[in-house]
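What follows is a short report on a single structure.
Here, each number is a calculation from the coordinates, and none is a lab measurement. All values reported here derive from a predicted model rather than from experimental measurement. Counting neighbours? That spans all protein chains shown, and the Cβs are built from the backbone with ideal geometry, glycine included.
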Amino acid sequence: MPYNYRKNRSKASSSMARSLINDISIRHQVRGRLRLKINKVFYKPVIAYRIEEGINQLDGIKTTRMNTNCASLIIFYDVRKLSVDTILKEVRGLTKTAHLSEASTRSSIECCSYEKLNNQSTIRKFGTFILLSGYMVYVHVKQFFFRVPILQTPFSTVSIVSTVAALPMIRNAWREAVYEHKFTINQFLSFALLTTIFTGNALTALEIIFILRGGMLLEEFVAERSRKAIRKILEISVKNTYILVDGKEKETHALKVKIGDTVVAHTGEKIPVDGRVLQGDAFLDESLITGRSEPVLKQKDDQVYAGTIVSRGVLYIHAEKVGSETYMARVLKMVEDSLGNRAPVQNVADELARKLSILGVSVTFLTFLLTRSLSRTLTVMIVMSCPCATVLAASTAITSAIYSAARRRILVKGGIHIEHMAHAKVYCFDKTGTITTDEPTVSKVIIKDNGISEKDLFKWAALAEMHNQHPLAAAIHKRAEELDVISQTHRVCEFFPGRGVRSEVDGKEILVGNLSMMKRYGIDNEYYQNKAAELIENAQTVIYVAKDGDILGLIGVTNSIRPETQRVIKQLKDDDVNKIILITGDNEPVARKLSQTLNFDSYYANLLPDDKGNRVKEIQSTGEKVVMVGDGVNDTLALSISEVGIAMGAGGSDVAIEVADITLATDELDQILYLRTLSKKTLKVVHQNYWLAVGTNLTGVCLGAVGLLNPVMGGILHMVHTLGIMANSTRILRS
């Protein structure tokens with residue numbers, strides 16, 4: 001996400017937060033009892049629930065009672081423990097937090113109460129619609145089969161039912177006018193329906209309300225189904241687990257597990273926490289995290305994640321992250337938050353809907369002035385007063401795209417990245433772990449004739465790299481294990497991104513890194529210059545190992561190129577990508593040879609993390625949108641600056657999850673092609689939806705104005721074209 005986008009969004013959030021404080025007032029106060037008016041909870045049960053839940057955590061609160069119908073919160077408290085000022089301060093903070101995060105759905109573990117509340121609301125709406133449907137059937141059977149006339153006076157049964165059915169719309173219109181100080185189509189529509197009822201056309205009004213409420217219920221159902229589908233893909237859903245207490249296993253609810261507990265996971269059980277293995281070994285199904293189908297062996301000190309399943313074995317796990325802090329819970333929250341991260345194409349939809357609403361009011365009045373026909377006027381009003389199909393044109397397509405990506409273990413943090421992915425003409429790729437495999441191997445070892453053995457060299461190198469997670473460090477660890485090098489602890493360890501590592505072991509200074517690292521500490525490398533050049537010419541990465549100011553030897557490391565890399569680059573070029581650039585911290589000869597082999601348009605070598613970010617900025621200064629593909633660790637700056645930052649193979653990587661705009665759980669470059677195809681298809685569907693929404697609206701207006709469409713048929717048209725847009729958007733789900 002571009003910096004200015006975050007900045008503007010932050011300013012908007014701050015402005016919203018300031019307005020929240022002014023929306024809280026004391027309506028009644030006696031000793032130990034306080035009644036507050038909180039405008040922002042008016043018919044907002046999610047916000048109300050969060051505020052009430054939070055205020056009950058205060059020491060001194062006896063009971064609370066929230067009424068969203070009148071935006072009221074009654075608090076009974078202990079005056080010896082709490083003051084009114086303290087309560088007000090807490091309520092303001094809770095209101096601010098709850099309102100700013102209202103759009104995002106809770107993580108799989110946190111959202112239980114919200115789900116119950118939301119389900120109750122849906123059940124209530126559905127139940128009301130069923131009752132309304134039953135009454136509609138009764139009225140029409142009575143009228144058309146038994147030929148009994150229906151009384152439609154202002155106080156008849158039909159009029160009363162119609163008025164009650166219109167109440168949700170009337171309440172929304174009142175809230176928008178009184179509390180939000182804005183005029184929308186709801187006020188106009190509510191006025192028109194009430195006028196229709198009290199002018200003796202209650203049955204027509206009831207039919208229109210029935211169709212509109214059915215359409216809105218359908219829209220809510222589809223939107224919620226998409227969110228539930230995403231949650232189902234990623235949710236951890238662990239109810240009970242076992243923890244070790246006084247040497248014995250005790251069954252407990254997953255929500256009660258605390259940081260520091262020892263969790264015991266047996267064969268077939270799902271792990272409920274993120275942590276490290278204390279004891280045991282087992283094969284884990286990590287497909288939820290990495291997308292790989294084959295089980296992975298986990299032993300002592302290995303990292304494990306919530307949501308993974310023990311295929312075979314038993315593990316004793318030290319809980320490091322629980323509940324909403326686990327990796328998958330954070331991923332789930334980000335995916336659901338992303339549904340509120342709007343693409344520019346969605347803002348176009350809102351603007352178009354606003355203009356259609358204004359046009360609808362004008363055309364409705366014009367129709368009445370020209371025809372003097374209430375029926376025609378109502379028809380035009382019904383068709384034009386509900387531009388929700390126009391809004392759904394973009395939102396349903398974007399939601400379907402995010403869901404489709406999530407099914408393939410791809411986390412997309414918002415529609416804006418879907419749109420940028422399709423429009424970007426410059427793609428930048430990191431080298432190690434991105435276009436090459438993330439498992440480099442030691443291919444050459446060069447040691448000066450000074451009594452140092454290969455085993456000694458890897459002993460010092462492995463000690464220095466003990467806590468480093470970089471792929472090059474992994475190659476050193478692997479070779480050290482093969483040589484049976486015994487590791488030991490050290491007290492000092494410093495990382496220099498793009499250069500190497502410095503550590504102190506038994507008072508000795510150990511340096512492991514590239515030539516830049518050696519120069520930083522003034523270490524002479526004259527003896528190794530020619531030998532290092534030979535390794536570089538053969539496309540090997542050179543790692544220097546030095547102790548107390550002297551170079552002990554060189555380690556040459558190679559990475560095999562991913563087999564699909566060349567094909568991916570070619571297909572991107574065939575898909576109108578103007579430039580594909582290699583951006584790497586590796587040496588110039590290595591970068592040059594790799595660039596020529598894979599047919600990159602250009603390359604940048606010897607780059608530190610901040611240099612990579614500066615290169616991305618240079619490209620952006622030409623007006624191009626940039627997609628940066630990296631491993632999510634040393635590419636963080638470049639990933640955050642680019643329009644779309646894609647972290648490869650980042651299952652379990654905290655840095656990648658926080659920084660990248662799109663995170664791939666797997667390390668397959670083919671996913672880049674899939675994302676670009678998905679993005680283009682999504683934008684195509686959005687534009688098709690726009691034409692469908694606007695075209696049917698204008699057709700309905702014309703037919704209604706000349707009397708070829710009655711009000712009921714206008715309502716049916718609204719429902720049909722809404723269903724058409726939803727059906728068109730679901731085509732993305734097959735991508």
Taking the highest mean first, how do the peptides 243-254, 400-411 order by number of other beta carbon atoms within 10 angstrom per residue? 400-411, 243-254
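Once fully extended, how much extra length lies between SER83 and LYS37, figured as 0.36 nm per residue of separation less the alpha-carbon to alpha-carbon distance? Numbers along the way, then the final one.
Details: separation 46, 0.36 × 46 = 16.56 nm, distance 1.77 nm.
Difference between extended and current length: 14.8 nm.
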To the nearest 0.05, how large is the calculated FRET efficiency for SER443 and ASN578 if R₀ is 30 Å and r is the Cβ-Cβ distance? 0.25
Ascending count of other beta-carbon atoms within 10 Å, so fewest first, for ILE662, ILE716: ILE716, ILE662
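Using +1 on the beta carbon of Lys and Arg, -1 on that of Asp and Glu, and nothing else charged, what's the dipole of region 239-278 about the Cα centre, debye to 20?
100 debye
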Name the residues whose placed amide hydrogens come within less than 5 Å of the amide hydrogen of ASP586, ignoring near sequence neighbours (fewer than 5 apart) on the same chain. ASN606, LEU607
Separation between the LEU374 and SER602 pseudo-spin-labels, each 7 Å from Cα along Cα→Cβ, expressed in nm? 7.1 nm
Which residues qualify? For LYS625, with a placed amide H closer than 5 Å and at least 5 residues away or on another chain, they are LYS425, VAL426
So what are region 402-537's ellipsoid semi-axes, whole angstrom, largest first, if each one is the square root of 5 times an eigenvalue of the alpha-carbon gyration tensor? 37, 19, 15
Using a Förster radius of 41 Å, what is the FRET efficiency between LYS248 and ASP484 based on their Cβ-Cβ separation? Nearest 0.05, please. 0.60
Within region 441-558: Cβ-based charge dipole about Cα centre, in debye rounded to nearest 20 (Lys, Arg +1; Asp, Glu -1): 240 debye
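Report the relative contact order of region 240-327, percent, no decimals, based on alpha-carbon pairs under 8 angstrom and at least 6 residues apart. Please report the intermediate quantities before stating the final value.
Numbers: 223 pairs, mean separation 31.6, N = 88.
Once divided by the residue count of region 240-327, the mean separation gives 36 percent.
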For VAL445, other-chain or 5+-apart residues with amide H closer than 5 Å (H placed, Pro excluded) are GLY556
Taking R0 as 35 Å and r as the Cβ-Cβ distance between GLU320 and LEU217, the FRET efficiency 1/(1 + (r/R0)^6), rounded to the nearest 0.05, comes to 0.20
Stretched out fully, how many nm does the piece from ASN614 to ILE160 gain, at 0.36 nm a residue minus the Cα gap? 156.7 nm
Roughly how big is region 240-327's charge dipole about its Cα centre, with Cβ charges of +1 (Lys, Arg) and -1 (Asp, Glu), in debye to the nearest 20? 100 debye
Burial ordering of CYS702, CYS428, CYS493, fewest other beta-carbon atoms within 10 Å first: CYS702, CYS493, CYS428
Karplus ³J(HN,Hα) for region 592-598 (6.51 cos²θ - 1.76 cosθ + 1.60, θ = phi - 60°; Hz, whole; x = Gly/Pro) runs 5, 5, 5, 4, 5, 5, 9
Full-stretch length increase - PHE365, ASN67 - with 0.36 nm per residue and alpha-carbon distance subtracted: 103.4 nm
